[in-house]
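In what follows, a structure is listed as structure tokens, so that the remarks can point back to it.
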Amino acid sequence: MFFFFFNNENRIGFKKLTGADLGISETSHQSHIGLYEGVLEFLDDSDVVRSAMLIYGDYCNVLDCSFDRIKNPDGSYRSPKIRIGQDSDNSVVSKIRGFAREYPNDDWYLAWMGLESKELVFWLVKSSTTDYDTARNFFPKDKIVLQEDSPTYNAAKDYLLNRINFLSVDVQKDIEVKSLIGDSRRKYKVRDLENAERQFKLTGKEGEELVAQFLEREKLAKRVESFVWENKSYESGLPYDFIVNGKIFVDVKSTRFDFEQFLFYSNQEIDFAAAQNNLTYAVYRVFDMNMEQRKLSICNNCQPYMKSIQQPIVDLKNAVRTQHALMQSIKLGLKPSICFNEISNPILL
């Protein structure tokens, strides 16, 4: 399942980076990398771009990025470029130049494109790698812009989308966390945050369906007597999803990612879990849902941990109340291996 898709501009720029671009020219002290006209035209001239994704080898991260154009006397714009920006140690330009300084005898190439969310992506290529051979299959010239009617555009697009989505798993995990618990830094695009929240809800529903199928098999095998799926027809709003054998409250926590991706709890769910005991509450952790073979681990005995974080929440609510303010809900991300004392081996679903 892809998270990132190309912008409908459908253009990819590619160039060999100059010494001035890389900051190694003795006659130039430019603080930017020049790009070509015709790519990233979906950005308005007045758009302010604060971040972009950089991929290089197995590296992938969202970094500071200042994109702009030069304004002509007649009011038109030209010469798109990316500058070092405010965070000079953690920007796309500075990171590219840092990689290049490690291998001064190599030539360096850069491809750039836009994503559906208007995020910018830069693919840095070193001449002595297999990435360079792959890039040359798509970009036969040192300076070229691929468009939809270019012979190699579709192959380049398919390759880059696979590469971006494969390498950006950690970025996607972080976007999911930020979309659910919030972050004031605005590192990610609003559309990506909304997409992550939407996918999280769909994953949650699919996870419950997989657990229902699992429990049905367990029932047929006489390992489970009965179960009730509380959300089968509609979202119940309860702090659990299933009641198993009439006494065990099961909350299904699903993720597209690995087992250790954060579990998300409201303070109401924490209150409920803390009030139960090891025999009456469990989390069915469905994970690797991006993979063909999904997995389930049954997690028990979280009450000590839940009680340890419950009290600070109560204290915070009371402190807020003394200021004549109201705090309705808190969302927390919890690491499953820290939260639960008993975790089963993965079960293939």
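Summary of values
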{"quantity": "At R0 = 25 Å, FRET efficiency that the Cβ-Cβ distance of Glu225 and Glu292 yields, to 0.05", "calculated": "0.20"}
{"quantity": "Computed label-point distance, nm, for sites Leu332 and Lys307 using a 7 Å Cα→Cβ extension", "calculated": "1.4 nm"}
{"quantity": "Candidates Val228, Val250, Val121, ranked by Gaussian network fluctuation over the chain, Cα under 10 Å, top entry", "calculated": "Val228"}
{"quantity": "Violating pairs (Cα-Cα greater than 22 angstrom) within the set Lys141/Lys189; Lys81/Lys187; Lys118/Lys178; Lys189/Lys253", "calculated": "Lys141/Lys189; Lys189/Lys253"}
{"quantity": "Extension gain from Glu102 to Lys143, taking 0.36 nm per residue of separation minus the Cα-Cα distance", "calculated": "12.4 nm"}
{"quantity": "Dipole of the chain [Lys/Arg +1, Asp/Glu -1 at C-beta], most positive-end residue of Ile144, Phe262, Gln303", "calculated": "Gln303"}
{"quantity": "Low-density loop cleavage sites - trypsin sites (Lys or Arg not before Pro) in segment 182-273, where at most 13 other Cβ are within 10 Å (DSSP)", "calculated": "Arg185, Arg186, Lys222, Arg223, Lys232, Lys247"}
{"quantity": "Gain on full stretching of the segment that runs from Ala155 to Asn90 - 0.36 nm per residue minus C-alpha separation", "calculated": "20.3 nm"}
{"quantity": "Inter-probe distance in nm under a simple model that places probes 7 Å from Cα toward Cβ, at Asp133 and Asp271", "calculated": "6.2 nm"}
{"quantity": "Check: segment 1-135 dipole with +1 on Lys, Arg Cβ and -1 on Asp, Glu Cβ, in debye", "calculated": "200 debye"}
{"quantity": "10 °C / 1.306 mPa s Stokes-Einstein diffusion coefficient of segment 177-246, Kirkwood radius on C-alpha pairs, µm²/s", "calculated": "111 µm²/s"}
{"quantity": "Loop-resident sites, segment 121-223, for GluC sites (Glu not before Pro), counting at most 14 other Cβ within 10 Å (DSSP)", "calculated": "Glu148"}
{"quantity": "The chain - mean residue ellipticity at 222 nm from DSSP helices (-39,500 (n - 2.57) per run, n ≥ 4, rounded to 500)", "calculated": "-10500 deg cm²/dmol"}
{"quantity": "Global size of the chain as Cα Rg and Dmax, reported in angstrom", "calculated": "25.0, 80"}
{"quantity": "Fully extended contour minus Cα-Cα distance, from Leu279 to Glu197, at 0.36 nm per residue", "calculated": "26.3 nm"}
{"quantity": "Global size of segment 96-145 as Cα Rg and Dmax, reported in angstrom", "calculated": "12.0, 36"}
{"quantity": "P(r) of segment 178-318 over all Cα-Cα pairs, binned every 10 Å from zero, in whole percent", "calculated": "11, 36, 36, 14, 3, 0"}
{"quantity": "Segment 185-244, relative contact order in percent, only Cα pairs under 8 angstrom and at least six apart counted", "calculated": "23 percent"}
{"quantity": "Positive dipole terminus of segment 1-148, leading residue within Phe4, Leu40, Leu17 (C-beta point charges)", "calculated": "Leu17"}
{"quantity": "Choice from Gly114, Gly23, Gly246 with maximal GNM fluctuation in the chain (Cα, 10 Å cutoff)", "calculated": "Gly246"}
{"quantity": "Sparse-neighbour loop sites [chymotrypsin sites (Phe, Trp or Tyr not before Pro); segment 182-276; at most 15 other C-beta within 10 Å; DSSP]", "calculated": "Tyr234"}
{"quantity": "Portion, in percent, of the accessible area of the chain that falls on carbon or sulfur, probe 1.4 Å", "calculated": "49 percent"}
{"quantity": "Accessible area of the chain divided out per residue, in Å², using a probe of 1.4 angstrom", "calculated": "51 Å²"}
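The values are calculated or read from the model by the stated rules, or taken from the named source; none is laboratory data. Small disclaimer: the values here were computed from a predicted structure and weren't measured. Note that we place each Cβ from the backbone using ideal geometry, even for glycine, and neighbour counts take in every protein chain shown. We work out accessible area using only protein heavy atoms, side chains counted, and drop any ligands, DNA or RNA first. Shrake-Rupley method; radii C 1.70, N 1.55, O 1.52, S 1.80 Å.
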